[in-house]
Amino acid sequence: MKQNNTALELVLKRDRTLVIAGIIGVTALAWAYMFYIAWDMTGMEMAGAHVMPWGALDFVLMFLMWAVMMVAMMLPSAAPMILLFAKVTRTREQLERPIISTAAFLSGYVLVWGGFSVAAAVAQWCLHSAALISPMMVSTSPILGGVLLIGAGIFQWTPLKYACLDHCRSPIAFLMSDWRAGRKGGLVMGMRHGMYCLGCCWALMTLLFVLGVMNLLWIAALAFFVLIEKIAPAGHLVSRTAGVILAVWGILMIVKAFI
């Protein structure tokens, strides 16, 4: 029995190492792409970018940018859930290849954020057409920026926010109540978790339009905040405090526009 437990522990350790390596690798590739896009846009800014109508290719490229950005921002905060899913899959299902089910779980999660990326690209297209966002993807309207900040701040205090946040902060409860076996089950569970995660963070993602869709410092700050919300013991307090700060910031931005 002791030998069996030792063997299982070694297998679990190996699985954990593989999953962590995969998460780090995918996240690193996503951030590398973000740095490349930011560098490319800096060159465009120096050359003098102009507002031009989007074509179909522009929309596809913006969707890809948003999709990669969501992976870069959200995958680290989903890591605890993914690691726990891999562990439970190995111990509960006794599968030969739990990594496959874990990959299916991750795919479901990414699919949900891919859907959000489509909506974000459409929103950016509309803002671009209305000249409310610059070629460098920064809001040109303090009113728009203020409204987005106030909206995100208010959402930080809503029941929907905390229902979704509690789910993300309690991965064990989710796995125990919504467990589905196999690759298809992993995909469905990943999508369900992604929906909760999206419900928790969508308003924060709209803030990318305020200081710049490709402002890497702003992107990193939002990603770090999302992670703290999910893992810090005082996550709810952090979330509510941020809501007040965002709302006040938005009000000041609008007031300043009329002074």
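The values are calculated or read from the model by the stated rules, or taken from the named source; none is laboratory data. Everything quoted here is computed from the prediction, not taken from an experiment. Because the Cβ atoms are built from the backbone with ideal geometry, glycine has one as well, and the counts that use them run over all protein chains shown. Surface accessibility is based on the protein's heavy atoms, side chains included, excluding ligands, DNA and RNA. Shrake-Rupley method; radii C 1.70, N 1.55, O 1.52, S 1.80 Å.
Extension gain for A131 to A221 (0.36 nm times residue separation, less C-alpha to C-alpha distance): 29.8 nm. Take the Cα of L237, step 7 Å toward its Cβ, do the same at T17, and the gap between the two points is 3.9 nm. Every helix of 4 or more DSSP H residues in the chain counts as -39500 (n - 2.57), and over all residues that averages to -29000 deg cm²/dmol at 222 nm. Here's the list of lysines a cross-link from K184 could span, going by alpha-carbon distance under 27 Å and ignoring same-chain residues fewer than 8 apart: K13, K87, K230.
Order D166, D178 by their accessible area, 1.4 angstrom probe, all chains in place, largest first.
Highest to lowest solvent-accessible surface, that is D166, D178.
Rounded to the nearest 20 debye, the dipole size of segment 154-259 about its Cα centre is 220 debye, using +1 on the Cβ of Lys and Arg and -1 on the Cβ of Asp and Glu. A 1.4 Å probe run over segment 122-259, with the rest of the protein chains in place, finds 47 Å² accessible per residue. Roll a 1.4 Å probe over the protein heavy atoms and report the accessible area of R16 in Å², nearest 10. Approximately 130 Å² for this residue. Peptides 233-241, 101-109, 179-187 ranked from most to least packed, by the mean per-residue count of other Cβ atoms within 10 Å: 101-109, 179-187, 233-241. Charging the Cβ of each Asp and Glu at -1 and of each Lys and Arg at +1, and nothing else, the dipole of the chain about its Cα centre rounds to 900 debye.
Leaving out ligands, DNA and RNA, what percent of the accessible area of the chain is carbon and sulfur, probe 1.4 Å?
73
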